[in-house]
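A.B. asks: Structure below; questions to follow.
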Amino acid sequence: MRNLSLLTDFYQLTMAQGYCQKGKTETAVFDLFYRENPSNNGYAIFAGLEQIIEFVENLRFKEDDISYLKNQGFNDKFLDYLRNFKFKGDIYSVPEGSVVFPKEPLLKVEAPILQAQLLETPLLNLINHQALIATKAARINEAAKGKNVLEFGLRRAHGPDAGIYGARAAVIGGCVGTSNVLTGKKFGVKVSGTHAHSWVMSFESELESFRTYADNFPNNCILLVDTYDTLKSGVPNAIKVFKEMKEKGIESDLFGIRLDSGDLAYLSKEARKMLDQAGFEDAVIVASNNLDENIITSLNLQGAEIDLYGVGTRLITSYDSPAFGAVYKMSEYSDQPKIKLSDNIEKMTNPGDKKLVRIYDKESGKIRADLIALKNEEISENEDLTLFDARDTWKTTTLKKGSYQLRDMLEPIFKNGQLVYDSPSVLEIKNYAEKEKDSLGEEYKRLTNPHIMKVDLSDKLFDLKQRLIKKNKMKK
Ligand SMILES: Nc1ncnc2c1ncn2[C@@H]1O[C@H](COP(=O)(O)OP(=O)(O)OP(=O)(O)O)[C@@H](O)[C@H]1O
Ligand SMILES: O=P(O)(O)OC[C@H]1O[C@H](OP(=O)(O)OP(=O)(O)O)[C@H](O)[C@@H]1O
Ligand SMILES: O=C(O)c1cccnc1
């Protein structure tokens, strides 16, 4: 485990020294939330919690950190505090792989102000990256309509961590596996791949290169057919090699071709015909080349015969929507609810120690809405539940008792600094994320102009917010 304790913004430490100096030990509550879905998606996939847990568990300041901070001008009292630092607060979070929506609390920290504040930057850093890539992967997999997507982006990722954890997030978001071997080893996810053009170019002939590859990897034998001429040379040579394998009695688990340039719809349809005519109906066709959810949707509409998509750049960088934009805002200090005012109503925070309640339609199991309520507020399934729009409060919906089910989304992760949560494996998270996506109606999952999920405030939270807005306006 790398020492990431100084992976923070300088101002977190200057504030921390100030709190230490002043003896401010009151408890603060902070909410982590985001404001807009990336790529105009209808939802996001929450990811990165396992790395947050690892970070918090290992948050200790070593002597070399302390001496570095001493050189930056921090005082001895504060440095002594850091020497003995251990996180002592509570953290609640939605599970990784959850479907989430803008403005709702995804993770909540309750801790002495200094400690809660110190977590801001690393927590945001971890969630902002992985939730972004998991959400992009969910979009790409939605476009693939049940066909598998393999993550190919390591070489185009923004450095090693973006590659390693981006691939982790991509699998959570729906990818069947990754070409990234380190991610495979670290997280027990499937690794796979084909071969490069250089492999073909290093042989005297394409045929010889295919033969040699098939001899080496008969059970994962996807031949890249576009180095010279896809239909005149690549596919015929691949077919020759598949015939030779058959003659040798080799029953391959996975064999086929990869297309990496040209008109992928046309070439895949022609290649499919050629493979089928040669008796290789079970040969798979892999496609790659700057794919994303839009091109994959278009390829589907064109009737492309593609069984597996390899997606790199536009997935691992979330090319069209490069920032998740999660923020971390104080909602309570020393048992007093706090609000951040803004001229922009969208940017006003929700005050108080809160919970996130998900409301499911009992019959269909689909999400009806999310409700943000105060932590100690009782929301009961045994009464009719009236939801209202926090902007246009006259817009209401009443859910009849018995027609809906409630779920508390924020689970305890740390209690008094003790870890009380078992992180599931990445494959378990991926399976959970599939179920989460199933709990969304189709209209929330479509790639363009999806329905906006209602995220409402409870009566009590709404009243508290109004009261604090008035009170704080008067302070100005
Ligand atoms: N039938 C298709 N419909 C829509 N987009 C396609 C189709 N076929 C390929 N594409 C996409 O069009 C883009 C073509 O990229 P590019 O201009 O680099 O051409 P290329 O075929 O890769 O050429 P090169 O031989 O230089 O690699 C890629 O993003 C690819 O995924
Ligand atoms: O297009 P992306 O979605 O980013 O997917 C990854 C790309 O990386 C490889 O190309 P590259 O030119 O790097 O190597 P190659 O010579 O093996 O094709 C591969 O052939 C894909 O085209
Ligand atoms: O295995 C492959 O085909 C692969 C892996 C990474 C990037 N491009 C292709």
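The values are calculated or read from the model by the stated rules, or taken from the named source; none is laboratory data. Bear in mind that the values here come from a model prediction, so they are computed numbers and not experimental data. No Cβ is skipped: glycine too gets one built from the backbone with ideal geometry, and neighbour counts run over all protein chains shown.
A.B. asks: Does residue 267 satisfy the criteria of being away from ligand 3 (no atom under 15 Å from the Cβ), at pLDDT 95 or above and either in contact with a Leu (Cβ under 9 Å, 6 or more places away or on another chain) or in a loop (DSSP other than H, G, I, E, B) (or both)?
C.D. replies: Here the answer is yes, as residue 267 does meet what is asked.
A.B. asks: Let me ask something else about it. From the list 384, 392, which residue is more than 29 Å from residue 183 (Cβ to Cβ) and at pLDDT below 95? Before you say what the answer is, go through the steps one by one.
C.D. replies: Details: 384 fails: at pLDDT below 95.
Among 384, 392, only 392 is more than 29 Å from residue 183 (Cβ to Cβ) and at pLDDT below 95.
A.B. asks: Something else about it: I'm checking my understanding of the structure. Among residues of region 219-259 that are charged (D, E, K, R), in contact (Cβ under 8 Å) with a residue 12 or more places away in the chain and part of a loop (DSSP other than H, G, I, E, B), which one is farthest from ligand 3 (Cβ to nearest atom)?
C.D. replies: 253
Residue-by-condition table, conditions (1) within 19 Å of the chain's Cα centre (by Cα); (2) at negative phi:
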| residue | (1), (2) |
| --- | --- |
| 103 | yes, no |
| 120 | yes, yes |
| 128 | yes, yes |
| 132 | yes, yes |
| 150 | yes, yes |
| 168 | yes, yes |
| 179 | yes, yes |
| 200 | no, yes |
| 203 | no, yes |
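A.B. asks: Before we move on, is residue 262 near ligand 1 (Cβ under 9 Å from one of its atoms) and more than 26 Å from the chain's Cα centre (by Cα)?
C.D. replies: Spelling it out, residue 262 is indeed near ligand 1 (Cβ under 9 Å from one of its atoms) and more than 26 Å from the chain's Cα centre (by Cα).
A.B. asks: Mind telling me which of the residues 127, 140 ends up being more than 16 Å from ligand 2 (Cβ to nearest atom) and in contact (Cβ under 8 Å) with a residue 60 or more places away in the chain? Steps first, please.
C.D. replies: Numbers: 140 fails: more than 16 Å from ligand 2 (Cβ to nearest atom).
Matching residue, one of 127, 140: 127.
A.B. asks: Which condition breaks for residue 197 when tested against (1) farther than 22 Å from residue 297 by Cβ; (2) within 16 Å of ligand 1 (Cβ to nearest atom); (3) crowded, with 20+ Cβ neighbours inside 10 Å?
C.D. replies: Checking residue 197 against (1) farther than 22 Å from residue 297 by Cβ; (2) within 16 Å of ligand 1 (Cβ to nearest atom); (3) crowded, with 20+ Cβ neighbours inside 10 Å, the one that fails is (3).
A.B. asks: Which of the residues spanning region 180-218 are part of a loop (DSSP other than H, G, I, E, B) and without any contact (Cβ under 8 Å) to a residue 40 or more places away in the chain? Spell out the reasoning first.
C.D. replies: Applying the first criterion (part of a loop (DSSP other than H, G, I, E, B)) to region 180-218 yields 180, 188-190, 192-196, 202-205, 217-218.
Across region 180-218, the qualifying residues are 180, 190, 195, 196, 202, 203, 204, 205, 217, 218.
A.B. asks: Taking only region 279-288 into account, find how many residues are closer than 19 Å to residue 227 by Cβ and part of a loop (DSSP other than H, G, I, E, B).
C.D. replies: Matching residues across region 279-288 total 2.
A.B. asks: Step by step: first the residues of region 315-337, then only those that are hydroxyl-bearing (Ser, Thr, Tyr) and either out of contact with any His (no Cβ under 8 Å at 6 or more places or on another chain) or surrounded by fewer than 14 Cβ atoms within 10 Å (Cβ to Cβ) (or both), then the one that is nearest to residue 354 (Cα to Cα). Which residue is that?
C.D. replies: 331
A.B. asks: Go through region 289-348 and give me each residue that's part of a loop (DSSP other than H, G, I, E, B) and among the acidic types (Asp, Glu).
C.D. replies: Once the filter is applied, which keeps residues that are part of a loop (DSSP other than H, G, I, E, B) and among the acidic types (Asp, Glu), region 289-348 yields 292, 305, 307, 320, 335, 343.
A.B. asks: So which residues in region 38-61 are under 30 Å from residue 440 (Cα atoms) and of a type outside the set (A, V, I, L, M)?
C.D. replies: Across region 38-61, the qualifying residues are 38, 39, 40, 41, 42, 43, 46, 48, 50, 51.
A.B. asks: Please specify each residue of region 260-310 satisfying the condition of being among the charged types (D, E, K, R), crowded, with 17+ Cβ neighbours inside 10 Å and either free of Cβ contacts under 8 Å to residues at least 12 places away in the same chain or within 16 Å of ligand 2 (Cβ to nearest atom) (or both).
C.D. replies: Matches in region 260-310: 260, 292, 293.
A.B. asks: So if I check each of 74, 101, 85, 78, which one is assigned by TED's automatic domain parsing to the domain that holds residue 456 and buried (at least 22 other Cβ atoms within 10 Å of the Cβ)? Walk me through how you get there before you give the answer.
C.D. replies: Numbers: 74 fails: buried (at least 22 other Cβ atoms within 10 Å of the Cβ); 85 fails: buried (at least 22 other Cβ atoms within 10 Å of the Cβ); 78 fails: buried (at least 22 other Cβ atoms within 10 Å of the Cβ).
Going through 74, 101, 85, 78 in turn, just one is assigned by TED's automatic domain parsing to the domain that holds residue 456 and buried (at least 22 other Cβ atoms within 10 Å of the Cβ): 101.
A.B. asks: Then there's this: Only one of 239, 306, 295 is at negative phi and more than 16 Å from ligand 1 (Cβ to nearest atom); which?
C.D. replies: It is 239.
A.B. asks: Which one is nearest to the chain's Cα centre (by Cα) among residues in region 351-401 that are surrounded by fewer than 20 Cβ atoms within 10 Å (Cβ to Cβ) and β-branched (Val, Ile, Thr)?
C.D. replies: The extreme case among them is 379.
A.B. asks: Okay, moving on. Which residues, counting only those in region 143-183, are within 15 Å of ligand 2 (Cβ to nearest atom) and of a type in the set (Asp, Glu)?
C.D. replies: Scanning region 143-183 gives a single hit, 151.
A.B. asks: A follow-up question, please. Taking the condition out of contact with any strand residue (DSSP E or B) (no Cβ under 6 Å at 6 or more places or on another chain), within 16 Å of ligand 3 (Cβ to nearest atom) and charged (D, E, K, R), does residue 272 pass?
C.D. replies: no
A.B. asks: Also, I was wondering about something else. If I ask for residues that are within 16 Å of residue 425 (Cα to Cα) and either within 16 Å of ligand 1 (Cβ to nearest atom) or surrounded by fewer than 20 Cβ atoms within 10 Å (Cβ to Cβ) (or both), which ones from region 178-190 would you list?
C.D. replies: Those that are within 16 Å of residue 425 (Cα to Cα) and either within 16 Å of ligand 1 (Cβ to nearest atom) or surrounded by fewer than 20 Cβ atoms within 10 Å (Cβ to Cβ) (or both): 182, 184, 185, 186, 188, 190.
A.B. asks: So, residue 342, is that one farther than 22 Å from residue 399 by Cα, modelled with pLDDT under 95 and among the small types (Gly, Ala, Ser) or not?
C.D. replies: Values: farther than 22 Å from residue 399 by Cα: yes; modelled with pLDDT under 95: yes; among the small types (Gly, Ala, Ser): yes.
Yes; evaluated as a whole, the condition is true for this residue.
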